[in-house]
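Since the structure comes first, as structure tokens, the remarks are kept for the end.
Values quoted throughout were computed directly from the atomic coordinates according to the rules given, and no laboratory measurement underlies them. Keep in mind that this is a model prediction, so the values were computed, not measured. Every residue, glycine as well, gets a Cβ built from its backbone with ideal geometry; the counts of neighbours run over all protein chains shown.
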Amino acid sequence: TSVFASAEYIPPDAIFEVTKGFLADSDPRKVNVGAGTYRDENGKPWVLPSVRMAKEIVANCGHEYLPIAGLKTFRDKAAELVFHDTKAWSEGRVATCQSLSGTGALHLAGLALKKANPTLKTALITEPTWSNHDLLFSSLGFEVIKLPYYKTGAFDFPSYMAALRAAPSGSVIVLHSCAHNPTGCDPSKEQWKEIATVIAEKSMFPVFDSAYLGFNSGNVDEDAWAIRYFIEELKMEASVCLSFAKSMGLYGERIGLVTFSTGSQDTARVMNSILENVQRATVSTPPVYGAQIAGAVLNTPEIAKQWAQDLITMSSRVQSTRRKLYEELLRLGTPGDWSHIVKQSGMFGYTGISPAQIKELQLKYHIYMADTSRISIAGLNESNVEYFAQAMDHVVR
Ligand code: PLP
């Protein structure tokens, strides 16, 4: 019999199916608010001006293998973005390794944590969360526990805290540094402080999924506030998993960084060695092109300056589009309270509409969104936001 005789079909990831449907639709009015990729005001993918400048610098830099841990000049500057003013950084207590974007960073973090401490058994994620958290951590052998996160347009702080207090001590806990995907609802600073206190009390290990640093507010420091609170104020060990997919628009280059902020230089040295070991076992060495581009952006002062501007361009367009959508729904008198659209932040908004309404948007209006009712605000712009609001208005009436 075949080796595959008992293999079972696994349904494809839903969000990639949404994009497929959108691409196959020939209606000129079609709108894609599914995938979380930034679009400019014309609805087109945007190559950041800073990235264009960096590409000129790195055009002739060859195709040799990188070291196992990746491009050193990229790793150092990328880690500095997050840790620059912390003691962990100035005292050399941060281990870093280049990764295959944010997903690869989480994967290496999980692998390295298991190797460093085989007693780590459970991973806590939010419900809802980015769909890959469950798949990724359960694939690594963690028992995944979901903490309730969202209720009627907002972060459900009491339920989250109750579930956190009831969760096993010593768990790995995945935290969205900012711009919670899919809800767009982040804890306030006061709430973060309470969350951090419980995590510390219960000896949990925080893994900061940081796919949107800088993209959310336009300012990396502001978006990294929670990370720094944990490691600098509470002196906790943590992992920070960075992606440059959104913040530099380098989706396909797969450029990211996994970091461990540890308690001593010796521990950082050990964790660097474990990261190299798990990198070697999985991808051997990371890809060079994205590292060169991101490295050039971060290491060239005039390009870094342009990047700071680009982050503001992207985040302010998303914020103003949010407002336009909200105003349009108000103008139409669309039934329901839509204020959560302007209260949420980041690329995503959670509309809360039903599966039947989502289906109707697609069939009647050629609007494609995730089956969770999450919308990627970046898919909207001056020329389609009114159409989108009208369609929403029709389906919810
Ligand atoms: N984490 C979250 C919360 C995300 O939304 C994403 C991307 O959508 C990622 C991680 C990782 O993305 P990538 O692997 O493309 O960097």
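Details
- Relative contact order [Cα under 8 Å, 6+ residues apart], the range 314-397, whole percent: 39
- Cleavage-rule hits, GluC sites (Glu not before Pro), the range 60-93, DSSP coil, Cβ neighbours within 10 Å at most 15: Glu64, Glu91
- Selection from Leu380, Met369, Pro335, by position along the positive dipole direction of the range 283-397 (Cβ): Pro335
- Size descriptors for the range 122-231 (Cα atoms only): Rg and Dmax, in that order, 13.1, 36 Å.
- Neighbourhood charge, 15 Å Cβ-Cβ cut-off, centred on Arg52 and excluding it, Lys, Arg +1 and Asp, Glu -1: -2
- Whole-Å distance, taken between Cα centres, linking the range 110-158 and the range 312-334: 32
- For Lys193, a cut-off of 16 angstrom between C-alpha atoms picks up these aspartates and glutamates, skipping any fewer than 8 places away in its own chain: Asp156, Glu201, Glu222, Asp223, Glu232, Glu233, Glu237.
- Selection among Met347, Ala167, Pro182 by position relative to the dipole of the chain gives Ala167 as farthest towards the positive end (Cβ unit charges, Cα centre).
- Ratio of Rg to Rh for the range 192-302: 0.99 [Cα atoms; Kirkwood radius as inverse mean 1/r over pairs].
- The value of relative contact order for the chain, using C-alpha pairs under 8 Å at least six residues apart, is 28 percent.
- Base-10 log of normalised Debye intensity for the range 1-122 (one unit scatterer per alpha-carbon) at q = 0.22 Å⁻¹: -1.28
- This model, with +1 at the C-beta of Lys and Arg and -1 at the C-beta of Asp and Glu, gives the range 255-385 a dipole about its Cα centre of some 160 debye.
- What you get for the range 12-155, charging only the Cβ of Lys and Arg (+1) and of Asp and Glu (-1), is a dipole of about 200 debye around the Cα centre.
- Here the sum of -39500 (n - 2.57) over DSSP H runs of 4 or more residues, divided by the residues of the chain, equals -14000 deg cm²/dmol at 222 nm, to the nearest 500.
- Coarse-grained scattering of the range 73-129 at q = 0.14, 0.22 Å⁻¹, given as base-10 log I(q)/I(0) from a Debye sum over alpha-carbon atoms: -0.53, -1.02
- Here the Karplus curve 6.51 cos²θ - 1.76 cosθ + 1.60, taken at θ = phi - 60°, turns the phi angles of the range 106-123 into couplings of 5, 5, 5, 4, x, 4, 5, 5, 4, 5, 5, 8, x, 7, 5, 10, 10, 10 Hz, with x standing for Gly and Pro.
- With the charge dipole of the range 197-347 set up from +1 on Lys and Arg Cβ and -1 on Asp and Glu Cβ about the Cα centre, the Cα lying farthest toward the positive end among the listed residues Ala200, Val288, Asn299 is that of Val288.
- Across every direction, the projection of the convex hull enclosing the Cα atoms of the chain has a mean area of 21.4 nm².
- Other residues with beta-carbon under 15 Å from the beta-carbon of Glu237 carry, at +1 per Lys or Arg and -1 per Asp or Glu, a net charge of +1.
- Ignoring lysines fewer than eight residues from Lys77 along the same chain, the ones with Cα atoms less than 23 angstrom from its Cα are Lys55, Lys87, Lys235, Lys246, Lys305.
- Debye, to nearest 20: dipole size of the chain, +1 on Lys, Arg Cβ, -1 on Asp, Glu Cβ: 200
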